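See structure below.
The values are calculated or read from the model by the stated rules, or taken from the named source; none is laboratory data. Worth saying up front: this structure is predicted, and the values here are computed from it rather than measured. A quick note on method: Cβ atoms are made from the backbone with ideal geometry, for glycine too, and the neighbour counts reach across all protein chains shown.
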Amino acid sequence: MRIFVTGASGFVGSHLVERLLAQGHAVSALLRKTSDTSLLGASLQQIQTVEGDLDPRAEASQELVAALGKCDVVIHAGGTTRKTKKTREELFRINEGGTERLAKLCAGLDKPPRLVVTGSIAAVGPSRDGHALTESDPCAPLSVYGQSKLAKEKAAFAHQGKLEVVVVRLPGIYGPRDVNFVQLARTVQRHIRPVGARRVDFAHVHDTCDALLACATHPKAAGQIFHVTSGPLALGEVGKTLARLLGVSAVPLPLPGAVLKPVSLVAEAIGYVSGKPTSLDLDKVREMSESWPVSIAKAKDLLGWEPRVTYEAGARGAIEWARAAGKL
Ligand SMILES: NC(=O)c1ccc[n+]([C@@H]2O[C@H](COP(=O)([O-])OP(=O)(O)OC[C@H]3O[C@@H](n4cnc5c(N)ncnc54)[C@H](OP(=O)(O)O)[C@@H]3O)[C@@H](O)[C@H]2O)c1
């Protein structure tokens, strides 16, 4: 198959390209003039690259339309994932508007490709009563990011019928090349580990790529939403596992909202003034205070997909990568 990937220079996209090539697929990728392609490594030489922007204000080039016309599937892993001072406007312009334009371009082709969209569990919102979140739960996102991811899903599904749309809702994804994992591991190395029973249900990036591929090819995936994680995982388990794998003793530190809220307000203000993305803001604190158990029964039953990576094995691999890359 020929598969077109957006977000190929990102954390998930770079792993996805590697996986697609390993499975013998031909890959075309949308890259911006400014994209840092270092995560793609040797894969870059083996793919067709198309210069362009998801921003709907930029005109879609003939090259982009021609490349979309030649592919069987588009995996849309590109989008705005971090907050900047342009926050709300940019999140919606790229995640909703960029998806709307991409879906429309695909729908207008003689032979429209299937469109697989990377969504987020943030679009659903947390589980307040402890039940594992399913695809049929009503959506009540807590953050602006979550709202933009919900709008992204709707923008894609508006074209369902003219093309096949699949949405994969993901939790926090981790693995080699993940900057958030490195930050967390560094905190544990400084002898502080997160604690608590609240569920985070991360997805390893390899399980994520498996699920995206299943959604790209499985006949029953068309028109569906799937929740994907690597299985149940409590925050306290993450902290303990990292401390053991890193070989450090770490003090469990519960981080109550009362501490995080003022810190996040300062971080948000600094981000606003500097224009740089912030890793902690009020939205993030709201999300961090909740539990996010996720049911992956639908993806297992309908697609035959199964997560393969335990947190122990996934974290060990990510630590090995971070050490080899000089990040830990
Ligand atoms: N990582 C997670 O924990 C997580 C969790 C849930 C869902 N997701 C979803 O999974 C997808 C991939 O996430 P990620 O972690 O790989 O994100 P990432 O590392 O931040 O990568 C984002 C990608 O999107 C591209 N992009 C951003 N704005 C663009 C634009 N205007 N035009 C063209 N390309 C643009 C970036 O290209 P440049 O190199 O040019 O900036 C980059 O390749 C996203 O949809 C995200 O919302 C991720």
- Query: Does region 13-22 include one or more residues that are out of contact with any Asp or Glu (no Cβ under 6 Å at 6 or more places or on another chain), loosely packed, with under 14 Cβ neighbours inside 10 Å and either modelled with pLDDT of 95 or more or closer than 19 Å to residue 214 by Cα (or both)?
  - Reply: yes
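Check whether at least one residue in region 54-68 is at positive phi, small (Gly, Ala, Ser), assigned to a loop (DSSP other than H, G, I, E, B) and more than 21 Å from the chain's Cα centre (by Cα), and report yes or no. Lay out the reasoning, then the answer.
As a first pass, look at region 54-68 and keep what is at positive phi: none.
No: zero hits.
Here is a yes/no grid of residues against (1) in a helix (DSSP H, G or I); (2) surrounded by 14 or more Cβ atoms within 10 Å (Cβ to Cβ); (3) modelled with pLDDT of 95 or more; (4) in contact with a Gly (Cβ under 8 Å, 6 or more places away or on another chain):
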residue	(1), (2), (3), (4)
276	no, no, no, no
280	no, yes, no, no
287	yes, yes, no, yes
292	no, yes, yes, no
299	yes, yes, yes, no
308	no, no, yes, no
314	yes, yes, yes, yes
320	yes, no, yes, no
327	no, yes, yes, no
- Query: Hey, among 57, 32, which residue is surrounded by fewer than 18 Cβ atoms within 10 Å (Cβ to Cβ), near the ligand (Cβ under 8 Å from one of its atoms) and within 21 Å of residue 100 (Cβ to Cβ)?
  - Reply: 32
- Got at least one residue in region 136-153 being within 9 Å of the ligand (Cβ to nearest atom) and within 12 Å of the chain's Cα centre (by Cα)? yes
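Restricting to region 1-29, name every residue that is among the β-branched types (Val, Ile, Thr), within 16 Å of residue 69 (Cα to Cα) and within 13 Å of the ligand (Cβ to nearest atom). Steps first, answer last, please.
To start, the set of residues in region 1-29 that are among the β-branched types (Val, Ile, Thr) comprises 3, 5-6, 12, 17, 27.
Subset that is within 16 Å of residue 69 (Cα to Cα): 3, 5-6, 27.
Within region 1-29, 5, 6 meet the criteria.
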- Message: surrounded by 22 or more Cβ atoms within 10 Å (Cβ to Cβ), part of a helix (DSSP H, G or I) and not basic (Lys, Arg): which single residue out of 216, 243 fits that description?
- Response: 216
- Message: Just checking, does region 118-134 include any residue being away from the ligand (no atom under 14 Å from the Cβ) and closer than 17 Å to residue 166 by Cα?
- Response: yes
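Just to verify a result, which residue in region 161-188, among those that are surrounded by fewer than 17 Cβ atoms within 10 Å (Cβ to Cβ) and touching a residue at least 40 places away in the same chain (Cβ under 8 Å), is farthest from residue 234 (Cα to Cα)?
The first filter runs over region 161-188 and keeps only residues surrounded by fewer than 17 Cβ atoms within 10 Å (Cβ to Cβ), leaving 161-162, 179-180, 183, 186-187.
Narrowing further to those that are touching a residue at least 40 places away in the same chain (Cβ under 8 Å): 162, 179-180, 183, 186.
Details: 162: 41, 179: 20, 180: 17, 183: 18, 186: 19 Å.
Applying the filter and picking the extreme gives 162.
What is the residue count in region 1-26 for residues that are part of a strand (DSSP E or B), of a type outside the set (Ser, Thr, Tyr) and within 20 Å of residue 173 (Cβ to Cβ)? Talk me through it step by step, then tell me what you get.
First pass over region 1-26, keeping only residues part of a strand (DSSP E or B): 2-6, 26.
Retained after the next criterion (residues that are of a type outside the set (Ser, Thr, Tyr)): 2-5, 26.
Checking which are within 20 Å of residue 173 (Cβ to Cβ) leaves us with 3, 5.
Number of matching residues: 2.
Sort out which residues of region 42-54 are within 14 Å of the ligand (Cβ to nearest atom) and either farther than 19 Å from residue 69 by Cα or at pLDDT below 95 (or both), and write them in order of number. First the steps, then the outcome.
Narrowing region 42-54 to residues within 14 Å of the ligand (Cβ to nearest atom): 43-44, 47, 49-54.
Listed by number, the residues that qualify are 43, 44.
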- Restricted to region 144-160, and to residues that are surrounded by fewer than 21 Cβ atoms within 10 Å (Cβ to Cβ) and modelled with pLDDT of 95 or more, which residue is nearest to residue 315 (Cα to Cα)? 151
- Task: Working only within region 27-49, note down all residues that are in contact with a strand residue (DSSP E or B) (Cβ under 7 Å, 6 or more places away or on another chain), without any contact (Cβ under 8 Å) to a residue 40 or more places away in the chain, not in a loop (DSSP other than H, G, I, E, B) and not polar (S, T, N, Q).
- Result: 27, 29, 31
